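Some notes on the structure that comes next.
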Amino acid sequence: MLIRTARPDDAPRVVALRSLVHPYLVRGIASTRQMIAQPPPEENWAAWVAETDGQITGWVSAFRNAQTSEPDFGDISTLHVHPGHRGRGAGTALLTAALAHLRSLRVRRVRTWALTDSLPYARRHGFTPSRELRYSALDLRPAPPMPEPPAGVRLLPLTGLDPYQVYLLDDAAAPDEPGDVPVDATSYSYWRSECWENPGLDRDASTVAEVDGALVALSLVKRDGDRMWSDYTATRPEYRGRGLARLTKQAALHRAAGNGVRTAYTANDEANAPMLAINTRLGYRQTASSWSCLRELT
(Lines give C-alpha, C1' and ligand atoms only; values in the text may rest on other atoms or scores of the structure.)
Protein backbone atom coordinates (compact mmCIF):
# COMPACT_ATOMS: atom_id res chain seq x y z
CA MET A 1 0.00 0.00 0.00
CA LEU A 2 1.24 3.44 -0.98
CA ILE A 3 -0.06 6.78 0.34
CA ARG A 4 0.65 9.53 -2.19
CA THR A 5 -0.58 12.93 -3.34
CA ALA A 6 -3.57 12.71 -5.67
CA ARG A 7 -2.98 13.45 -9.37
CA PRO A 8 -5.48 14.72 -11.97
CA ASP A 9 -5.24 11.44 -13.90
CA ASP A 10 -6.55 9.66 -10.79
CA ALA A 11 -10.00 11.19 -11.34
CA PRO A 12 -11.73 8.18 -13.02
CA ARG A 13 -10.59 5.79 -10.29
CA VAL A 14 -11.39 8.28 -7.54
CA VAL A 15 -14.94 8.67 -8.87
CA ALA A 16 -15.35 4.88 -9.13
CA LEU A 17 -14.26 4.46 -5.50
CA ARG A 18 -16.52 7.27 -4.27
CA SER A 19 -19.50 5.84 -6.17
CA LEU A 20 -18.94 2.48 -4.47
CA VAL A 21 -18.60 3.81 -0.92
CA HIS A 22 -20.92 6.84 -1.18
CA PRO A 23 -23.36 6.14 -4.05
CA TYR A 24 -25.45 9.20 -3.11
CA LEU A 25 -22.58 11.66 -3.71
CA VAL A 26 -22.46 13.13 -7.21
CA ARG A 27 -19.22 14.50 -8.60
CA GLY A 28 -18.16 13.41 -12.07
CA ILE A 29 -14.76 12.76 -13.59
CA ALA A 30 -14.33 16.20 -15.17
CA SER A 31 -15.13 18.13 -11.99
CA THR A 32 -13.00 15.74 -9.90
CA ARG A 33 -10.08 16.24 -12.26
CA GLN A 34 -10.50 20.01 -12.03
CA MET A 35 -10.73 19.82 -8.23
CA ILE A 36 -7.35 18.04 -8.11
CA ALA A 37 -5.64 20.10 -10.82
CA GLN A 38 -7.00 23.57 -10.04
CA PRO A 39 -8.13 23.87 -6.41
CA PRO A 40 -9.09 27.36 -5.18
CA PRO A 41 -5.96 29.09 -3.86
CA GLU A 42 -7.87 30.39 -0.83
CA GLU A 43 -8.20 26.89 0.58
CA ASN A 44 -4.63 25.52 0.38
CA TRP A 45 -6.42 22.34 -0.69
CA ALA A 46 -4.57 19.03 -0.88
CA ALA A 47 -5.59 15.41 -1.40
CA TRP A 48 -4.07 11.96 -1.03
CA VAL A 49 -4.91 8.49 -2.27
CA ALA A 50 -4.11 5.03 -0.99
CA GLU A 51 -2.87 2.87 -3.85
CA THR A 52 -2.74 -0.91 -3.61
CA ASP A 53 -1.39 -3.01 -6.49
CA GLY A 54 -2.06 -0.13 -8.88
CA GLN A 55 -5.65 0.37 -7.68
CA ILE A 56 -6.89 3.39 -5.77
CA THR A 57 -8.33 2.03 -2.55
CA GLY A 58 -8.63 5.19 -0.42
CA TRP A 59 -9.04 8.96 -0.62
CA VAL A 60 -9.00 12.06 1.57
CA SER A 61 -8.72 15.81 1.05
CA ALA A 62 -7.96 18.59 3.55
CA PHE A 63 -8.18 22.37 3.29
CA ARG A 64 -8.65 25.64 5.11
CA ASN A 65 -12.34 26.56 5.08
CA ALA A 66 -12.62 29.64 2.84
CA GLN A 67 -16.33 30.24 3.42
CA THR A 68 -16.37 31.12 7.11
CA SER A 69 -15.18 34.05 9.17
CA GLU A 70 -14.20 31.68 11.98
CA PRO A 71 -10.40 31.88 12.17
CA ASP A 72 -8.11 28.89 11.68
CA PHE A 73 -10.89 26.47 10.73
CA GLY A 74 -10.23 23.53 8.42
CA ASP A 75 -12.01 20.54 6.91
CA ILE A 76 -11.08 16.95 6.23
CA SER A 77 -13.37 15.82 3.45
CA THR A 78 -14.63 12.43 2.29
CA LEU A 79 -12.11 10.16 3.96
CA HIS A 80 -13.03 6.70 2.69
CA VAL A 81 -11.45 3.31 1.97
CA HIS A 82 -12.60 0.51 -0.31
CA PRO A 83 -14.61 -2.04 1.76
CA GLY A 84 -12.28 -4.84 0.69
CA HIS A 85 -9.18 -3.00 1.91
CA ARG A 86 -10.26 -1.82 5.34
CA GLY A 87 -8.53 -2.79 8.55
CA ARG A 88 -5.04 -2.50 7.01
CA GLY A 89 -4.18 1.03 8.12
CA ALA A 90 -5.05 2.96 4.97
CA GLY A 91 -7.67 5.15 6.65
CA THR A 92 -5.37 6.08 9.52
CA ALA A 93 -2.48 6.83 7.14
CA LEU A 94 -4.70 9.09 5.03
CA LEU A 95 -6.02 10.84 8.15
CA THR A 96 -2.47 11.38 9.40
CA ALA A 97 -1.51 13.04 6.10
CA ALA A 98 -4.57 15.29 6.21
CA LEU A 99 -3.97 16.37 9.81
CA ALA A 100 -0.32 17.12 9.10
CA HIS A 101 -1.34 19.34 6.19
CA LEU A 102 -3.82 21.27 8.35
CA ARG A 103 -1.22 21.73 11.07
CA SER A 104 1.14 23.20 8.46
CA LEU A 105 -1.59 25.76 7.72
CA ARG A 106 -1.88 26.52 11.45
CA VAL A 107 -5.47 25.33 11.53
CA ARG A 108 -6.68 25.00 15.10
CA ARG A 109 -10.18 23.54 14.71
CA VAL A 110 -11.08 20.75 12.31
CA ARG A 111 -14.34 19.31 11.01
CA THR A 112 -14.82 16.01 9.24
CA TRP A 113 -17.84 13.89 8.33
CA ALA A 114 -18.40 10.33 9.45
CA LEU A 115 -21.07 7.80 8.57
CA THR A 116 -22.92 6.41 11.56
CA ASP A 117 -20.93 3.16 11.43
CA SER A 118 -17.68 5.16 11.43
CA LEU A 119 -18.40 7.23 14.54
CA PRO A 120 -16.37 4.93 16.84
CA TYR A 121 -13.37 5.39 14.53
CA ALA A 122 -13.83 9.17 14.58
CA ARG A 123 -14.01 9.20 18.38
CA ARG A 124 -10.83 7.12 18.65
CA HIS A 125 -9.04 9.80 16.66
CA GLY A 126 -10.19 12.66 18.86
CA PHE A 127 -13.30 13.83 16.97
CA THR A 128 -16.57 14.61 18.74
CA PRO A 129 -19.84 14.11 16.79
CA SER A 130 -21.82 17.33 16.44
CA ARG A 131 -24.67 17.40 13.87
CA GLU A 132 -26.48 14.92 11.66
CA LEU A 133 -26.49 15.41 7.88
CA ARG A 134 -29.31 13.55 6.14
CA TYR A 135 -28.87 12.29 2.57
CA SER A 136 -32.00 11.81 0.49
CA ALA A 137 -32.83 10.50 -2.98
CA LEU A 138 -35.67 11.11 -5.44
CA ASP A 139 -36.56 8.97 -8.46
CA LEU A 140 -37.31 11.37 -11.32
CA ARG A 141 -39.45 8.84 -13.19
CA PRO A 142 -41.97 10.32 -13.65
CA ALA A 143 -40.59 13.84 -13.65
CA PRO A 144 -42.11 16.35 -11.23
CA PRO A 145 -44.44 18.73 -13.10
CA MET A 146 -43.21 22.21 -13.92
CA PRO A 147 -44.66 24.44 -11.18
CA GLU A 148 -46.84 27.42 -12.01
CA PRO A 149 -45.29 30.48 -10.35
CA PRO A 150 -47.51 33.16 -8.81
CA ALA A 151 -48.00 36.48 -10.54
CA GLY A 152 -44.84 38.58 -10.63
CA VAL A 153 -42.48 35.61 -10.27
CA ARG A 154 -40.39 34.19 -13.12
CA LEU A 155 -38.52 30.88 -12.93
CA LEU A 156 -35.39 31.22 -15.04
CA PRO A 157 -32.61 28.76 -15.88
CA LEU A 158 -29.11 29.81 -14.91
CA THR A 159 -28.09 29.88 -18.57
CA GLY A 160 -27.48 33.45 -19.71
CA LEU A 161 -27.58 35.03 -16.27
CA ASP A 162 -24.88 37.31 -14.86
CA PRO A 163 -22.81 35.09 -12.53
CA TYR A 164 -22.11 38.00 -10.18
CA GLN A 165 -25.82 38.51 -9.58
CA VAL A 166 -26.22 34.80 -8.85
CA TYR A 167 -23.30 35.03 -6.43
CA LEU A 168 -24.90 37.97 -4.62
CA LEU A 169 -28.08 35.92 -4.18
CA ASP A 170 -26.14 32.90 -2.92
CA ASP A 171 -24.06 35.08 -0.59
CA ALA A 172 -27.16 36.77 0.88
CA ALA A 173 -28.94 33.48 1.55
CA ALA A 174 -26.05 31.42 2.97
CA PRO A 175 -25.07 32.99 6.33
CA ASP A 176 -27.92 31.45 8.35
CA GLU A 177 -27.52 27.98 6.82
CA PRO A 178 -27.48 25.54 9.80
CA GLY A 179 -24.04 24.16 10.57
CA ASP A 180 -21.06 24.14 12.88
CA VAL A 181 -19.68 27.40 11.48
CA PRO A 182 -21.30 30.33 9.64
CA VAL A 183 -21.01 30.47 5.86
CA ASP A 184 -20.35 34.20 5.80
CA ALA A 185 -17.03 34.87 4.07
CA THR A 186 -17.30 33.44 0.55
CA SER A 187 -15.47 35.64 -1.96
CA TYR A 188 -16.67 36.02 -5.53
CA SER A 189 -13.45 34.50 -6.90
CA TYR A 190 -13.85 31.43 -4.69
CA TRP A 191 -17.56 31.05 -5.55
CA ARG A 192 -16.88 31.42 -9.26
CA SER A 193 -14.16 28.76 -9.12
CA GLU A 194 -16.12 26.28 -7.01
CA CYS A 195 -19.59 26.85 -8.41
CA TRP A 196 -19.88 28.73 -11.68
CA GLU A 197 -16.85 27.18 -13.40
CA ASN A 198 -17.47 23.67 -12.07
CA PRO A 199 -17.82 21.34 -15.09
CA GLY A 200 -20.66 19.54 -13.33
CA LEU A 201 -22.86 22.63 -12.96
CA ASP A 202 -26.00 22.13 -15.07
CA ARG A 203 -26.96 25.69 -15.96
CA ASP A 204 -29.97 24.60 -18.01
CA ALA A 205 -31.52 22.79 -15.03
CA SER A 206 -30.36 25.12 -12.25
CA THR A 207 -33.15 27.60 -11.60
CA VAL A 208 -33.58 31.03 -10.03
CA ALA A 209 -36.73 32.92 -9.09
CA GLU A 210 -36.91 36.53 -10.24
CA VAL A 211 -39.22 39.10 -8.66
CA ASP A 212 -39.37 42.65 -10.02
CA GLY A 213 -36.08 42.12 -11.86
CA ALA A 214 -34.24 40.87 -8.76
CA LEU A 215 -32.94 37.32 -8.24
CA VAL A 216 -34.41 36.16 -4.93
CA ALA A 217 -34.24 32.34 -4.79
CA LEU A 218 -32.19 29.61 -6.43
CA SER A 219 -31.71 25.88 -6.75
CA LEU A 220 -28.35 24.76 -8.16
CA VAL A 221 -27.89 21.42 -9.92
CA LYS A 222 -24.63 19.54 -10.38
CA ARG A 223 -24.84 16.56 -12.69
CA ASP A 224 -22.97 13.40 -13.56
CA GLY A 225 -24.66 11.41 -16.33
CA ASP A 226 -28.16 10.43 -15.24
CA ARG A 227 -27.58 11.45 -11.60
CA MET A 228 -27.78 14.93 -10.11
CA TRP A 229 -26.98 16.66 -6.84
CA SER A 230 -29.10 19.54 -5.55
CA ASP A 231 -26.08 21.56 -4.55
CA TYR A 232 -27.85 24.45 -2.86
CA THR A 233 -31.43 25.70 -2.61
CA ALA A 234 -32.10 28.95 -0.79
CA THR A 235 -34.01 32.22 -0.70
CA ARG A 236 -33.02 35.74 0.29
CA PRO A 237 -34.19 36.27 3.91
CA GLU A 238 -36.62 39.07 3.01
CA TYR A 239 -38.42 36.84 0.48
CA ARG A 240 -38.83 33.72 2.62
CA GLY A 241 -42.22 32.30 3.50
CA ARG A 242 -43.58 32.59 -0.05
CA GLY A 243 -42.75 29.06 -1.24
CA LEU A 244 -40.04 30.25 -3.64
CA ALA A 245 -37.46 27.65 -2.58
CA ARG A 246 -39.88 24.83 -3.37
CA LEU A 247 -40.79 26.41 -6.72
CA THR A 248 -37.17 26.78 -7.83
CA LYS A 249 -36.22 23.28 -6.69
CA GLN A 250 -39.23 21.66 -8.38
CA ALA A 251 -38.50 23.58 -11.59
CA ALA A 252 -34.84 22.48 -11.44
CA LEU A 253 -35.87 18.85 -10.96
CA HIS A 254 -38.34 19.07 -13.85
CA ARG A 255 -35.71 20.53 -16.18
CA ALA A 256 -33.06 18.00 -15.13
CA ALA A 257 -35.43 15.09 -15.69
CA GLY A 258 -36.31 16.44 -19.13
CA ASN A 259 -32.60 16.29 -20.00
CA GLY A 260 -32.12 12.69 -18.94
CA VAL A 261 -31.47 12.77 -15.20
CA ARG A 262 -33.06 9.78 -13.50
CA THR A 263 -32.10 10.14 -9.82
CA ALA A 264 -31.70 13.26 -7.71
CA TYR A 265 -29.72 13.39 -4.46
CA THR A 266 -29.40 16.04 -1.79
CA ALA A 267 -28.32 16.50 1.83
CA ASN A 268 -29.60 18.66 4.66
CA ASP A 269 -28.60 19.49 8.20
CA GLU A 270 -30.88 17.96 10.81
CA ALA A 271 -31.92 21.45 11.96
CA ASN A 272 -32.96 22.66 8.51
CA ALA A 273 -36.64 21.88 9.04
CA PRO A 274 -37.97 24.07 6.18
CA MET A 275 -35.77 22.39 3.56
CA LEU A 276 -36.43 18.92 4.96
CA ALA A 277 -40.17 19.62 4.68
CA ILE A 278 -39.78 20.78 1.07
CA ASN A 279 -37.86 17.62 0.19
CA THR A 280 -40.49 15.42 1.80
CA ARG A 281 -43.21 17.21 -0.13
CA LEU A 282 -41.28 16.69 -3.37
CA GLY A 283 -40.97 12.96 -2.64
CA TYR A 284 -37.39 12.61 -1.41
CA ARG A 285 -36.65 9.68 0.89
CA GLN A 286 -33.73 9.52 3.31
CA THR A 287 -31.03 7.04 2.24
CA ALA A 288 -28.14 7.64 4.67
CA SER A 289 -26.80 9.84 7.44
CA SER A 290 -23.42 11.23 8.32
CA TRP A 291 -22.29 13.32 11.25
CA SER A 292 -20.12 16.38 11.38
CA CYS A 293 -17.33 15.72 13.87
CA LEU A 294 -15.09 18.36 15.43
CA ARG A 295 -11.60 18.29 16.88
CA GLU A 296 -9.12 20.80 18.23
CA LEU A 297 -5.61 20.61 16.78
CA THR A 298 -2.56 21.10 18.97
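The values are calculated or read from the model by the stated rules, or taken from the named source; none is laboratory data. Because the structure is a prediction, the values reported are computed rather than measured. Ideal geometry is used to build each Cβ from the backbone, glycine not excepted, and the neighbour counts take in all protein chains shown.
Across the stretch 138-173, which residue is farthest from the chain's Cα centre (by Cα) among those that are under 20 Å from Pro237 (Cα atoms) and of a type in the set (Asp, Glu)?
Per the stated criteria, the residue is Asp171.
Identify the residue in the stretch 97-138 that is among the small types (Gly, Ala, Ser) and over 17 Å from Ala267 (Cα atoms) and, among all such residues, is surrounded by the most Cβ atoms within 10 Å (Cβ to Cβ). Talk me through it step by step, then tell me what you get.
Of the stretch 97-138, the ones among the small types (Gly, Ala, Ser) are 97-98, 100, 104, 114, 118, 122, 126, 130, 136-137.
Add one more test, that the residue is over 17 Å from Ala267 (Cα atoms), and what stays is 97-98, 100, 104, 118, 122, 126.
Details: Ala97: 19, Ala98: 24, Ala100: 11, Ser104: 11, Ser118: 18, Ala122: 21, Gly126: 14.
By that ranking, first place goes to Ala98.
Given (1) in contact with a helix residue (DSSP H, G or I) (Cβ under 8 Å, 6 or more places away or on another chain); (2) part of a loop (DSSP other than H, G, I, E, B), identify the lone condition not met by Leu155.
That leaves (2) as the condition not met.
Counting only residues that are among the hydroxyl-bearing types (Ser, Thr, Tyr) and either surrounded by fewer than 21 Cβ atoms within 10 Å (Cβ to Cβ) or not assigned by TED's automatic domain parsing to the domain that holds Arg111 (or both), how many does the stretch 50-76 have?
Final tally of qualifying residues: 3.
Please specify each residue of the stretch 225-251 satisfying the condition of being of a type in the set (Phe, Trp, Tyr) and under 18 Å from the mean Cα position of the chain (by Cα). Steps first, please.
Of the residues in the stretch 225-251, the ones of a type in the set (Phe, Trp, Tyr) are 229, 232, 239.
Result: Trp229, Tyr232.
Taking the options Val166, Val181, Val153, name whichever one is closer than 21 Å to Glu43 by Cα and of a type in the set (A, V, I, L, M, F, W, C).
Just one listed residue meets the conditions, Val181.
Just to be sure before I move on: is Asp212 within 23 Å of Tyr135 (Cα to Cα) and touching a residue at least 12 places away in the same chain (Cβ under 8 Å) in the structure I sent? So that I can check it myself, show each step before the final result.
Numbers: within 23 Å of Tyr135 (Cα to Cα): no; touching a residue at least 12 places away in the same chain (Cβ under 8 Å): yes.
In short, no.
Yes/no matrix, rows are residues, columns are (1) in contact (Cβ under 8 Å) with a residue 60 or more places away in the chain; (2) in contact with a Gly (Cβ under 8 Å, 6 or more places away or on another chain); (3) under 28 Å from Asp117 (Cβ atoms):
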position	(1), (2), (3)
Leu2	no, no, yes
Ala11	no, no, yes
Ala30	yes, yes, no
Met35	no, no, yes
Ser61	no, no, yes
Ser69	yes, no, no
Phe73	yes, no, yes
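May I ask you to say which residue of Thr112, Thr68 is under 16 Å from Gly179 (Cβ atoms), modelled with pLDDT of 95 or more, of a type in the set (Ser, Thr, Tyr) and assigned to a strand (DSSP E or B)? Break it down stepwise before answering.
Working: Thr68 fails: assigned to a strand (DSSP E or B).
Criteria check complete, one pass: Thr112.
Test Ser19 against the stated conditions and say whether it is within 17 Å of the chain's Cα centre (by Cα), without any contact (Cβ under 8 Å) to a residue 12 or more places away in the chain and outside any loop (DSSP other than H, G, I, E, B).
Values: within 17 Å of the chain's Cα centre (by Cα): yes; without any contact (Cβ under 8 Å) to a residue 12 or more places away in the chain: yes; outside any loop (DSSP other than H, G, I, E, B): yes.
Spelling it out, Ser19 is indeed within 17 Å of the chain's Cα centre (by Cα), without any contact (Cβ under 8 Å) to a residue 12 or more places away in the chain and outside any loop (DSSP other than H, G, I, E, B).
Which one of the conditions (1) over 25 Å from Ala288 (Cα atoms); (2) assigned to a loop (DSSP other than H, G, I, E, B); (3) in contact with a helix residue (DSSP H, G or I) (Cβ under 9 Å, 6 or more places away or on another chain) does Pro142 fail to meet, given that it meets all the rest?
(1)
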